[in-house]
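K.L.:
Handing you a structure now.
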Amino acid sequence: MYFSGSLLTTEEPPGREGCAVVLGQKPRSAAQQRHSVTATVSKMAGADGDDSLYPIAVLIDELRNEDVQLRLNSIKKLSTIALALGVERTRTELLPFLTDTIYDEDEVLLALAEQLGNFTMLVGGPEYVHCLLPPLESLATVEETVVRDKAVESLRKISQEHSPVDLEVHFEPLVKRLASGDWFTSRTSACGLFSVCYPRVSSTVKAEIRQHFRTLCSDDTPMVRRAAASKLGEFAKVLEPEYVKSDIISLFTALASDEQDSVRLLAVEACVSIATLLPQEDLETLVMPTLRQAAEDKSWRVRYMVADKFSELQKAVGSEITKNDLVPAFQNLLKDCEAEVRAAAANKVKEFCENLPEDNREQIIMTHILPCVKELVSDTNQHVKSALASVIMGLSTILGKDNTIEHLLPLFLAQLKDECPEVRLNIISNLDCVNEVIGIRQLSQSLLPAIVELAEDAKWRVRLAIIEYMPLLAGQLGVEFFDEKLNTLCMAWLIDHVYAIREAATCNLMKLVEKFGAEWAQNTIVPKVLGMANDPNYLHRMTTLFCINALSEACGQEITTKQMLPVVLKMSNDQVANVRFNVAKSLQKIGPVLDSNALQTEVKPVLEKLATDSDMDVKYFAQEAISVLALA
Amino acid sequence: MKCFSRYLPYLFRPPSTILSSTCHTEADIISTVEFNSTGELLATGDKGGRVVVFQREQESKSQPHRRGEYNVYSTFQSHEPEFDYLKSLEIEEKINKIKWLPQQNAAYFLLSTNDKTVKLWKISERDKRPEGYNLKDEDGRIRDPSTITSLRVPVLQPMDLMVEATARRIFSNAHTYHINSISVNSDLQTFISTDDLRVNLWNLEITDRSFNIVDIKPANMEELTEVITSAEFHPQQCHTFAYSSSKGSIRLCDMRLAALCDKHCKYFEEPEDPATRSFFSEIISSISDVKFSHNGRYLMTRDYLTVKVWDLQMENKPVETYQVHDYLRGKLCSLYENDCIFDKFECVWNGSDSVIMTGSYNNFFRMFDRNTKRDVTLEASRENSKPRAILKPRKVCVGGKRRKDEISVDSLDFSKKILHTTWHPHENIIAVAATNNLYIFQDKVN
């Protein structure tokens, strides 16, 4: 067999390095370090055949080291251990030991559960894969959900490697044991295993599996019912069509009317998969009553789930039912008394409208959906409004130019004036959809005050957000409008009292220059930026330098050499050291843009002078610039 | 099980007195006591932040009378004193409440809380130990690596039972005020933690966020007239919880109706009798504990002088009212002066909801049989807790003439108070915390 060669084929050759690789480089306490390393050094030096066992011996011993990191490391190298032990000893010694090692920390157990999913070859191939079931079975009963889920995932994986006979002899009994376990942890794990063994077992066993699933669907503990509900769709997919109708539908109906809303809401998800499995003519009688009931459930969490899964449901039930049932249901969700539900539904407005059958999409939207949307624009809850604002612009592409101008535009304008900045931002960030349909001019009159207000918002995070949309807006609005209305704002941000805003404003200028070109920069922003070099506030003078750093490349050699460089050089005499060392940094930054003549005759003398500055930092950055620009 | 009411006046005998240190410090004072859902385990928390878990002895043929004795199973430090540097506030380690989770595997889980932080503890057993190292010999000496010619896989060998307690989750940073209660939901997925002004909802698996579901903090703290004193989930309906207030009212909330439960769906309050109105009315009407009955039909509340039982279907008055120590009504003034009037007594139901128990002063505790309307006062003290002795009912005399065996109101010891009690979920076994002593009494066998 391919792994019967040298133990360390996957590792470095034996010796100190090899050992270090096996041991890993995890932090360890000084005492442990001393112990393993001295042992390693003294013995590994005389490398011969037997030494190859040493690193494995260390790994095995560290499976139970007091340090979690070392245990974890050993578990992650479990395949190396198994390879060294050989398939026989792995089956008879290592796996029994691991089966009882479920007392460990979660992260160790998680790693173990994951490793065991890839262990088939290490225990001797598919013939012996069932040896992996006991340790995974004990891991599937621990209280920690992530570990259990990982164990189930590995069990699902290795189930595929079982022969049909082994599946019935070994795997299926395990599923039954878990399904009838005393503790709900094991029963929840069982729920995830039915669907993988069902397709590959005999019809008698199939009947048993269906029975077990039925039992778990009416388990006493809500934990198990939740697990069953969340696997219902998956299980339905592997069932024969007749059983979907006879078994699954009744289970689905029962779970969907469970006394606990935490169970009912999971049935909504199952609804999507079940609906796709049934022929259209059965949906009305088998699924729709339950779905209608869920959409009007007393518990807002269930209705929220319906709203959240609305697009999937819509696709699953098809256009006819959508028209008759889902449209009114969606209207109700948009008018729900709970804001969480309204927000979830508002988020789906665009997707829902997009997926409506095209033949009477416009009519449905105009008569049924739009009136609700209009109400949401003035909702009392800001989360609802901002959810709507993030998708509402998308409706314009669906409704076309005339409807957009007549019906949607007033809504956009209202939202642009909303008291909540998030709503306004969401509208502004999605301007491109509208631009495509009606052009932005229609909006620009209202847009401007909204932008100005956001630009001057008291919260710097709001200001930051609007700055980030500036390049986008500039692209949409065009250079003329921008120069006229927005340029002043962009310059004002450069002297904001919050550094993050000044920094973002600098970056924004660079993007604008990339968009509008060097000539525009030279005429509109460069003079203003350079003017700040004489500002009495040294922070503003530094902003000039930061802008130059950002702009030099976009503006090109000529503007940089002729206009920017003189200003930078002049600032090398600034009385504030912070400005002077930023001059050094700027020169380093713009150096590559300049020609060698300017570098030698203008930059070099200034840097040399700065290199003898009385301030330590100025000296340091000047010297750094000299060496980077190779001026020495 | 025997019908409990027949035994009421002479029911309990103490099999043992546990956890009584002769010289106790403040840290030893028991601050909460709670049976788990099977009654097999009993946990106490104290002011020193420790949790002690007792386990019931299995019945043995050789010593049948030992059945039911609870012995220490595990002791661990749940909370440590802390200091909040931002608010310059000391955070006591005192355990305010313990709640057990229903058993989910071989280990046991409980939630414990101090004023600010809730912790989920796992208590598990280990009876096997791996043996056999490659690099060490049996005595722990390091072997010469050159002698390692074969690999040894450790083998698990039986060992003495070891019980470990590990903190699995820490739910912190969600409470500005002091947590007064925690309650696990019947969906086994969530729990609530309640402080003076807010109720937060947590997922048991998620520690980095919780949802605020009730907030009664007024915009201006000067307008504050009411605080939340306790809250509990309904035992079966996962969407219903109740919280009590310092004004003597209870609000029932339905989490299905809205994400925020600021609006209650039921409001239980008894109009005040103008005849008994006094300076202390408001203080003594403050509810110190609220408990749903096991069947979920009733709510029980404890205020300073009474226990009330409310039917969930009737909001305007309680269906039953029991006087716990009405003889103190005349002494409210001195109880106010020594701060006793602010003591927070808890109350419990028995397993079948037919009997109610709550504490009083002088190490007395009271039981009320709801069917026969009989009541009894019992005393938790060392003198009468000899094994197999039967608790004698005690009487407090109110009038001038004192009969034998009676105690006059003036000689009650107000420093000995029984605030925390718990009742076994299925059997007549009770645990009573009296300062630093925990008394466990059980139904007379046979």
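Just so you know, all these numbers are worked out from the coordinates, no wet-lab data involved. Keep in mind that this is a model prediction, so the values were computed, not measured. Neighbour counts run over all protein chains shown; Cβ positions are idealised from the backbone, glycine included.
K.L.:
In deg cm²/dmol and to the nearest 500, what is the mean residue ellipticity at 222 nm of chain A if only DSSP H runs of at least 4 residues count, each as -39500 (n - 2.57), divided by the residue total?
P.N.:
-19000 deg cm²/dmol
K.L.:
Averaging the inverse of every distinct alpha carbon separation and then flipping it gives the Kirkwood radius. What is it for segment A:53-161, in angstrom units?
P.N.:
So the Kirkwood estimate lands at 13.6 Å.
K.L.:
Scan chain A and hand back the longest stretch that contains none of the GluC sites (Glu not before Pro) lying in DSSP loops with at most 14 other Cβ atoms within 10 Å.
P.N.:
A:457-632
K.L.:
Say we join alpha carbon atoms closer than 10 Å with springs in a Gaussian network model of chain B; which of B:L161, B:L42, B:L201 then has the biggest fluctuation?
P.N.:
B:L161
K.L.:
Just grab the label-to-label distance for B:E315 and A:K298, each label 7 Å out from Cα along the Cβ direction, in nm (one decimal).
P.N.:
1.5 nm
K.L.:
While we're looking at this one, here's another question. Efficiency by 1/(1 + (r/R0)^6): what FRET value for B:F211 and B:E383, r their Cβ-Cβ distance, R0 = 51 Å, to the nearest 0.05?
P.N.:
Once the sixth-power term is evaluated, E becomes 0.50.
K.L.:
Enumerate the calculated ³J(HN,Hα) couplings along segment A:204-214 in order (Karplus 6.51 cos²θ - 1.76 cosθ + 1.60, θ = phi - 60°), each rounded to whole Hz, writing x wherever the residue is Gly or Pro.
P.N.:
Residue by residue, segment A:204-214 yields 5, 5, 4, 4, 5, 4, 4, 4, 4, 5, 4 Hz.
K.L.:
Percent relative contact order of chain B, based on C-alpha pairs within less than 8 angstrom and at least six residues apart?
P.N.:
Computed over chain B, the figure is 16 percent.
K.L.:
Sorted from fewest to most neighbouring beta carbons within 10 Å, what does the list B:V376, A:V306 look like?
P.N.:
Lowest to highest Cβ neighbour count: B:V376, A:V306.
K.L.:
How about segment B:237-327: which GluC sites (Glu not before Pro) there are in a DSSP loop, with at most 14 other Cβ atoms within 10 Å of their Cβ?
P.N.:
Those that pass, being in a loop and sparsely packed, are B:E272.
K.L.:
HN-Hα J couplings of segment B:263-275 from phi, Karplus 6.51/-1.76/1.60, θ = phi - 60°, integer Hz, Gly and Pro as x?
P.N.:
For segment B:263-275, the Karplus curve yields 9, 7, 9, 9, 9, 9, 7, 9, x, 6, 7, x, 5 Hz.
K.L.:
By how many nm would the segment from A:A500 to A:K515 grow when fully extended, if each residue of separation counts as 0.36 nm and the alpha-carbon distance is taken off?
P.N.:
Computed gain between A:A500 and A:K515 is 3.1 nm.
K.L.:
What is the Cα radius of gyration of segment A:517-631 over 2.2 N^0.38 Å, N being its residue count?
P.N.:
Numbers: Rg = 13.1 Å, N = 115, 2.2 N^0.38 = 13.4 Å.
Cα Rg divided by the expected 2.2 N^0.38 Å: 0.98.
K.L.:
Evaluate the relative contact order of segment A:53-161 (contact order divided by residue number), counting alpha-carbon pairs under 8 angstrom at least 6 apart; express in whole percent. Mind showing how you got there, number by number?
P.N.:
Numbers: 124 pairs, mean separation 27.8, N = 109.
The normalised contact order for segment A:53-161 reaches 26 percent.
K.L.:
Counting residues in the protein assembly as shown as N, plug N into 2.2 N^0.38 Å and put the Cα Rg over that result.
P.N.:
Normalised Cα radius of gyration, the protein assembly as shown: 1.18.
K.L.:
Name the long-range amide H neighbours of B:F35: under 5 Å, sequence gap of 5 or more, or other chain; modelled H, no Pro or chain starts.
P.N.:
HN-HN under 5 Å from B:F35: B:A43, B:W423.
K.L.:
Can you compute the FRET efficiency between A:D282 and B:S172 using 1/(1 + (r/R0)^6), with r the Cβ-Cβ distance and R0 = 56 Å? Round to the nearest 0.05.
P.N.:
Plugging the Cβ-Cβ distance into 1/(1 + (r/R0)^6) gives 0.65.
K.L.:
Same structure, new question: Based solely on its DSSP helices, what 222 nm [θ] is calculated for chain B when runs of n ≥ 4 H residues each add -39,500 (n - 2.57) and the sum is averaged over all residues, nearest 500 deg cm²/dmol?
P.N.:
It comes out at -500 deg cm²/dmol, rounded to the nearest 500.
K.L.:
Further, regarding this structure: Holding the Cα-Cα limit at 19 Å, pick out from B:K263/B:K344; B:K99/B:K119; B:K97/B:K291; B:K97/B:K122; B:K331/B:K395; B:K97/B:K373 the pairs that are longer than that. Walk me through the intermediate numbers first.
P.N.:
Details: B:K263/B:K344 26 Å; B:K99/B:K119 10 Å; B:K97/B:K291 14 Å; B:K97/B:K122 16 Å; B:K331/B:K395 17 Å; B:K97/B:K373 30 Å.
Among B:K263/B:K344; B:K99/B:K119; B:K97/B:K291; B:K97/B:K122; B:K331/B:K395; B:K97/B:K373, the Cα-Cα distance tops 19 Å for B:K263/B:K344; B:K97/B:K373.
K.L.:
What nm distance separates the two modelled labels at A:S246 and A:V165, each placed 7 Å from Cα along Cα→Cβ?
P.N.:
Result for the modelled spin labels: 3.1 nm.
K.L.:
Whose amide H sits under 5 Å from the amide H of B:V319, counting only residues 5 or more places off or on another chain, with H placed in the peptide plane?
P.N.:
B:V309, B:W310, B:D311
K.L.:
Normalized C-alpha radius of gyration of chain A, against 2.2 N^0.38 Å?
P.N.:
1.35
K.L.:
Under 18 Å from the 7 Å Cα→Cβ point of B:S354, by amide nitrogen: which residues of segment B:310-348?
P.N.:
Counting only backbone N, you get B:348.
K.L.:
Let me ask another. Sorting B:R129, B:R168, B:R141 on the 10 Å Cβ count, fewest up front, what's the list? Before the final figure, lay out each step's value.
P.N.:
Numbers: B:R129 14, B:R168 17, B:R141 9.
Ordered from fewest to most neighbouring Cβ atoms within 10 Å, B:R129, B:R168, B:R141 come out as B:R141, B:R129, B:R168.
K.L.:
Give the shape of segment A:452-539 as rounded, prolate or oblate, defined through the alpha-carbon gyration tensor: a ≥ b ≥ c are the square roots of its eigenvalues, a/c under 1.5 means rounded, and otherwise the shape is prolate if a/b is larger than b/c and oblate if not.
P.N.:
It comes out oblate by the Cα gyration axes.
K.L.:
Note down the net charge around A:K150, summing +1 for each Lys or Arg and -1 for each Asp or Glu among other residues with Cβ under 12 Å from its Cβ.
P.N.:
Neighbourhood net charge equals -3.
K.L.:
In 5 Å bins starting at 0, how do the alpha-carbon pair distances of segment A:118-261 split up by percent?
P.N.:
2, 10, 21, 23, 20, 14, 7, 3, 1, 0
K.L.:
Between B:F279, B:F35, B:F368, find the one with the highest GNM mean-square fluctuation for chain B; connect C-alpha pairs within less than 10 Å.
P.N.:
Per the Cα network of chain B with a 10 Å cutoff, B:F279 tops the list.
K.L.:
Report the relative contact order of segment B:148-218, percent, no decimals, based on alpha-carbon pairs under 8 angstrom and at least 6 residues apart.
P.N.:
Relative contact order here is 21 percent.
K.L.:
Between B:D195, B:D353, B:D84, which gets the highest mean-square fluctuation from a Gaussian network model of chain B, Cα cutoff 10 Å?
P.N.:
B:D84
K.L.:
Taking H as built 1.01 Å from N, whose amide H comes closer than 5 Å to the amide H of B:R143, not counting residues under 5 places away?
P.N.:
Those lying under 5 Å, H to H, from B:R143 are B:K136, B:D137.
K.L.:
Give, in whole angstrom and from largest to smallest, the semi-axes √(5λ) of the equivalent ellipsoid of segment B:186-306, with λ running over the eigenvalues of the Cα gyration tensor. Kindly include the intermediate steps, with their values, before the conclusion.
P.N.:
Working: eigenvalues 140, 64, 28 Å².
Calculated on Cα positions only, the semi-axes equal 26, 18, 12 Å.
K.L.:
So, one more: What net charge is computed for the residues neighbouring B:R370, neighbours being all others with C-beta under 11 Å from the C-beta of B:R370, Lys and Arg scored +1, Asp and Glu -1? Provide the component values of the computation, followed by the final result.
P.N.:
On the way: positive: B:K373, B:R374; negative: B:E320, B:D353, B:D369, B:D375.
With Lys, Arg at +1 and Asp, Glu at -1, the neighbours total -2.
K.L.:
Taking the inverse of the average 1/r across all pairs of different Cα atoms in chain B, what Kirkwood radius in Å do you get?
P.N.:
Computed over Cα pairs of chain B, the Kirkwood hydrodynamic radius comes out at 23.7 Å.
K.L.:
What does the charge count around A:N549 come to, taking other residues whose C-beta lies under 14 Å from its C-beta (Lys +1, Arg +1, Asp -1, Glu -1)?
P.N.:
+2
K.L.:
Would you kindly derive the ³J(HN,Hα) couplings of segment A:76-91 from the backbone phi angles with the Karplus curve 6.51 cos²θ - 1.76 cosθ + 1.60 (θ = phi - 60°), listing them in order in whole Hz, with x for Gly and Pro?
P.N.:
Those phi angles translate into 5, 9, 4, 5, 5, 4, 4, 4, 5, 6, x, 5, 4, 5, 4, 5 Hz.
K.L.:
Please arrange B:Y73, B:Y327 by how many other C-beta atoms lie within 10 Å of their C-beta, fewest to most.
P.N.:
Numbers: B:Y73 20, B:Y327 17.
Listed from fewest to most nearby Cβ atoms, that is B:Y327, B:Y73.
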